[in-house]
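What follows is a single structure, written as structure tokens, with notes after it.
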Amino acid sequence: MMTEDLTGKKIAVLLSGGVDSSVVLYELAQKGLHPDCFYIKIGPEEEEEWDCSSEEDLEMATAVAAKYGCRLQVVDCHREYWEQVTKYTMDKVRAGLTPNPDVMCNRLIKFGAFDAKVGHDYDLIATGHYAQTEIIDGVKWLVTSPDPVKDQTDFLAQLYDWQLRKALFPIGHYMKEEVRMIAEREHLVNARRKDSQGICFLGKINYNDYLRRYLGENPGEVLEWETGRRIGEHRGLWFHTIGQRHGLGFGGGPWFVVKKDVAANTLYVSKGYEPRTAYKDTFRIHDFHFLSGEQEMTDVTFKIRHTPEYHPARMEQTAPGEYVVYASQLIQGVAPGQFCVVYDKCHHRCFGSAEITL
């Protein structure tokens, strides 16, 4: 449940048109609050070509805001998204790395550009993330949701400390099915609407089509890691990730992506069932971003992708902001550029995150 004192606080609610943020507004309305609602426009540049669902999203958000007597304002962060988040994504994939645009969207747009345009006039910004916060010894911490599948603390682990202090997650204590039940009980217009998948604005758009639009194609060789034998040709290293085992299109497999040589524009694959080269138990991270002030981190848990699993590990600091992560088990698909999100031993408090370097 929400433990933060909301008395006298001016609250902005980010309504996306989805069921989660709609139940956020319901939760606040139940407390007698009438927050201002905002729909952030970050859709693609040519909506008719990209089959964007933003029109339907806005209709849903408008209906929900009206149901609770709250005003809704559209805030255009389109330019900031395409100049900041898209640039981050394309720069990373061009360098052969594995970025996470959703992580940077939260830092740069939902709690960044929005705050600069409108949110600075509000004490709190409420979103539909499955995450919680706790005040411990006077410090606000990001803590995990009880729903291990939906928990989104990994997407919030690059927030600045001032952004976390303004963040409010009114449904973070619920399981997803509970949110659906509330939405149906309250007859919200989007109660049975499917959750969006993938990058925060792409909707039905395929991620590879997104990359192809901005980076094009750059064919190169695909070689077997163990023998150097030519397997085929790729259309661009940015269409592949370390550990990938689906959609490669090469016969005689299964094949797994084990390395990308950017300088030679070569993709290395390995054959067999989960080859040892697809796993790592030791890797480096750099430029660690602490959410709630610098902490001593030794025995921790972590995750490198949006899955329910947390991996136990020991961390060793080698320089300011740089660590070696010693996982207690082999981890599949560790790739440079991914965010390693670090938690305490019982994966409750989130310390922050850093990019993986190999």
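Here are some notes:
- Over the chain: helical MRE at 222 nm, DSSP H runs n ≥ 4 each giving -39500 (n - 2.57), nearest 500: -5500 deg cm²/dmol
- Each of MET90, GLN132, VAL189 was scored by the projection of its Cα onto the charge dipole of the range 90-190, and the greatest displacement toward the positive side belongs to MET90; charges sit on the C-beta of Lys, Arg, Asp and Glu.
- Spatial separation of Cα centroids for the range 228-245 and the range 285-358, in angstrom: 27
- As a length-normalised measure over Cα pairs under 8 Å and 6 or more apart, the relative contact order of the chain settles at 16 percent.
- Using the 1.4 Å probe convention, the accessible area of the range 81-215 works out to 43 Å² per residue with neighbouring protein chains retained.
- Looking at the chain, the DSSP beta bridges with both ends there are about 75 percent antiparallel.
- Contact order normalised by residue count of the range 126-179, Cα under 8 Å, 6+ apart, percent: 47
- Magnitude of the charge dipole, the chain, Cβ model with Lys/Arg +1 and Asp/Glu -1, debye to 20: 540
- Distance between modelled label sites at LYS41 and LYS194, nm, 7 Å Cα→Cβ extension: 2.7
- Distance (nanometres) between label positions extended 7 Å along Cα→Cβ at THR7 and ASN265: 6.6
- Whole-percent carbon and sulfur share, accessible surface of the chain, 1.4 Å: 48
- Each peptide in 303-315, 320-332 was scored by the mean count of other Cβ atoms within 10 Å over its residues; highest first, the order is 303-315, 320-332.
- Per-residue SASA entry for LEU248, accessible area with 1.4 Å probe, Å² rounded to 10: 20
- Exceeding the 32 Å Cα-Cα cut-off - candidates LYS9/LYS150; LYS9/LYS92; LYS9/LYS41; LYS92/LYS271: LYS9/LYS92
- Radius 14 Å from Cβ of ARG71, net charge of other residues (Lys, Arg +1; Asp, Glu -1): 0
- Length gained on full extension, ALA95 to ARG79: 3.4 nm, using 0.36 nm per residue less the C-alpha separation.
The values are calculated or read from the model by the stated rules, or taken from the named source; none is laboratory data. Small disclaimer: the values here were computed from a predicted structure and weren't measured. All Cβ positions, even for glycine, are placed from backbone atoms using ideal geometry, and neighbour counts span all protein chains on display. Calculation scope for accessible area: heavy atoms of the full protein, side chains included, ligands and nucleic acids excluded. Shrake-Rupley method; radii C 1.70, N 1.55, O 1.52, S 1.80 Å.
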